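This report concerns only the one structure given below.
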Amino acid sequence: MLDSRPNILFISTDQQRGDCLGAMGRKVHTPHLDLLAAEGVLLRSCITPNLVCQPTRASILTGLLPRTHGVCDNGIDLPEAPARRGFAAELARAGYDTALIGKAHFATAHTFQPTGTPECRQSMHLYGPNWTGPYMGFQRVELVVEGHNTFPPMVPPSGQSYEAWYHGDGHGELKNRLYATNAGPDVKGAPQTWHSALPPAWHNSTWVADRSVSFLQERRDRPFCLWASIPDPHHPFDCPVPWSLLHRPEDVDLPPHRTLDLDRRPWWHRASLEGVPNLADKTLRDFRAKHSRTPVLTDEQLREVIANYYGMISLADHNIGRILTELHRLGLAENTLVVVVSDHGDWLGDHGLLLKGPMAYDGLLRVVGIMRGPGLPRGTVCDEPVSTLDMAATFLDMAGVARPESWHSRSLLAVARGDERREFAFSEWDLADSRCGVPLELRTVRTARDKLTIEAITGAAEMYDLVRDPHETTNVADDPAYAQRRKELEAMIASRPDDARKERLPAVGMA
């Protein structure tokens, strides 16, 4: 008998700001995501539970905040135990076909020594190019290793599914040369930015869509949960032509406040930008100190970066459109919950900053969030403060599967329907001195109208009134006029469940 429970199609991008959609008013070409928002619910105040990839992805999978599942920073591998209780494993046990295609990043690629995981660059050769899982609760995986091409796709037997496909026609070296070639106009010295000559047909955004479409086309008598994980628009800003030329630098929208005013910010802003990572491995130390930080850009350079970043988003949007079109062609759209999120954003010039780090400005904290599916309203906007942490419980709720009591994740279905309110959402990040030379314990709470971040070791804080000061120019944490409101926000932070790990998991490398 055919199982008619709803399917779940979960699509994620990497490092896409929440405001970088045409539907959010920015000058970026995203017709498919805009249409999805028009047909569903646009979550305008969706935040990430952590400001970087690995902890966030672990939280999305496990339904737990980072200090509880233990992946409190990049370079720490997700233990198997919380993964076995994550949404993929719960849905598989309930009879769903579960798959992840694309970037996983539940484990570390650049490690100090082999760790044995299929994502570790020193261990993946043990699995072979035909390995498809199971992994972290997913019955099937087809992985892209990293996917950001700072390091070219590895040659088999290293690498995973994408890398095997990339090199499988014998043209891997040609593709690498094309990838590294600037095939467009001069980028005015913008760092980590070029118009890649790699044909889009060979790009990993296209591959993720190709494989996702193939997954949808398989005949099955059980509902499915597919996580299609696109690695872009993560830096380097290497959009391939012609997509890199879609947005003209002179037409992009620059951030209104793009001054690096560190003297007006809490102490850890400067310390995190100027400190030396405490890593014994010089290669990894230099990479983290230099590649993850960029110099102050001119407006001309920033325009080049933003135009390229927009192109990466548009290429991802095009491929998301291909997946959604196939879902409709197969007659599956009406019975499928479609969710699109990003794992975190990018400062993209806000406050004179680029990329990401321990400053929870909204450009980094707030992410894409769109939902469409059975029983959800169409063409609505939700401004409730929610988190991508909540996706795990949302998927189980749609599937009619009981949510584990240990989860922090709470279903968003009632919120999306307007039947439930949310007062705030959490984000947290514990950084060892291996990241930027100084340890930090950041606790952030965001409401629909304001935000507070406390550095728990020193008690330093920053607070922004997002209604009066949407660009976060004035820190009001110590303003007497906001003293009562700060107490209320501190109480929200203190309400976090007391189930954090007592001992920090060891870092196995750097990501």
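Tabulated results
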read-out: Exclusive hit being open to solvent by 10 Å² or more (accessible area, probe 1.4 Å), within 30 Å of Q113 (Cβ to Cβ) and in contact (Cβ under 8 Å) with a residue 40 or more places away in the chain, set G373, G379, G357, G275; value: G275
read-out: Any hit, the stretch 119-131, residues being touching a Cys at 6+ places or on another chain (Cβ under 9 Å), open to solvent by less than 10 Å² (accessible area, probe 1.4 Å), outside any loop (DSSP other than H, G, I, E, B) and not small (G, A, S); value: no
read-out: Residue count, the stretch 55-71 (criterion: surrounded by 24 or more Cβ atoms within 10 Å (Cβ to Cβ) and either at pLDDT below 95 or among the hydroxyl-bearing types (S, T, Y) (or both)); value: 3
read-out: Selected residue [of a type outside the set (D, E, K, R), free of Cβ contacts under 8 Å to residues at least 60 places away in the same chain, in contact with a helix residue (DSSP H, G or I) (Cβ under 8 Å, 6 or more places away or on another chain) and outside any loop (DSSP other than H, G, I, E, B)] from A88, A83; value: A83
read-out: Top-ranked residue in the stretch 235-250 [being open to solvent by 60 Å² or more (accessible area, probe 1.4 Å) and assigned to a loop (DSSP other than H, G, I, E, B); ranked as nearest to D299 (Cα to Cα)]; value: R248
read-out: Residues (of a type in the set (D, E, K, R), over 22 Å from P255 (Cα atoms) and touching a helix residue (DSSP H, G or I) at 6+ places or on another chain (Cβ under 8 Å)) located in the stretch 436-483; value: R443, E455
read-out: Number of the condition not met by V438 [criteria: (1) in a loop (DSSP other than H, G, I, E, B); (2) farther than 15 Å from L65 by Cβ; (3) modelled with pLDDT of 95 or more]; value: (3)
read-out: Contacts under 9 angstrom Cβ, first residue in the stretch 227-256 being under 11 Å from G311 (Cα atoms), partner open to solvent by 30 Å² or more (accessible area, probe 1.4 Å) and of a type in the set (S, T, Y), 6 or more apart; value: D238/T150
read-out: Among the residues listed as D186, D221, D232, D253, the single one being part of a loop (DSSP other than H, G, I, E, B), open to solvent by less than 40 Å² (accessible area, probe 1.4 Å) and out of contact with any helix residue (DSSP H, G or I) (no Cβ under 6 Å at 6 or more places or on another chain); value: D253
read-out: Complete set of residues in the stretch 146-173 that are open to solvent by 20 Å² or more (accessible area, probe 1.4 Å) and charged (D, E, K, R); value: E146, D169, E173
read-out: Qualifying residue in the stretch 430-448 (condition: in contact with a Ser or Thr (Cβ under 9 Å, 6 or more places away or on another chain), of a type in the set (S, T, N, Q) and either in contact (Cβ under 8 Å) with a residue 40 or more places away in the chain or surrounded by fewer than 20 Cβ atoms within 10 Å (Cβ to Cβ) (or both)); value: yes
read-out: Which numbered condition D465 fails, given (1) surrounded by fewer than 19 Cβ atoms within 10 Å (Cβ to Cβ); (2) touching a Gly at 6+ places or on another chain (Cβ under 9 Å); (3) more than 30 Å from A89 (Cβ to Cβ); value: (2)
read-out: Checklist (1) over 27 Å from A414 (Cβ atoms); (2) open to solvent by less than 10 Å² (accessible area, probe 1.4 Å); (3) assigned to a loop (DSSP other than H, G, I, E, B); (4) of a type outside the set (F, W, Y) applied to K27, failing item; value: (2)
read-out: Test: residue in the stretch 492-509 that is closer than 24 Å to L64 by Cα, of a type in the set (S, T, Y), assigned to a loop (DSSP other than H, G, I, E, B) and open to solvent by 30 Å² or more (accessible area, probe 1.4 Å); value: yes
read-out: Matching residues, the stretch 294-327, being open to solvent by 50 Å² or more (accessible area, probe 1.4 Å), modelled with pLDDT under 95 and touching a Leu at 6+ places or on another chain (Cβ under 8 Å); value: V296
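The values are calculated or read from the model by the stated rules, or taken from the named source; none is laboratory data. Only a predicted model underlies this, so the values are computations on that prediction, with no experimental measurement involved. Virtual Cβ from ideal backbone geometry, glycine too; neighbours counted across all protein chains shown. To get the accessible areas, we keep the full protein, side chains included, count just its heavy atoms, and leave off ligands, DNA and RNA. Shrake-Rupley method; radii C 1.70, N 1.55, O 1.52, S 1.80 Å.
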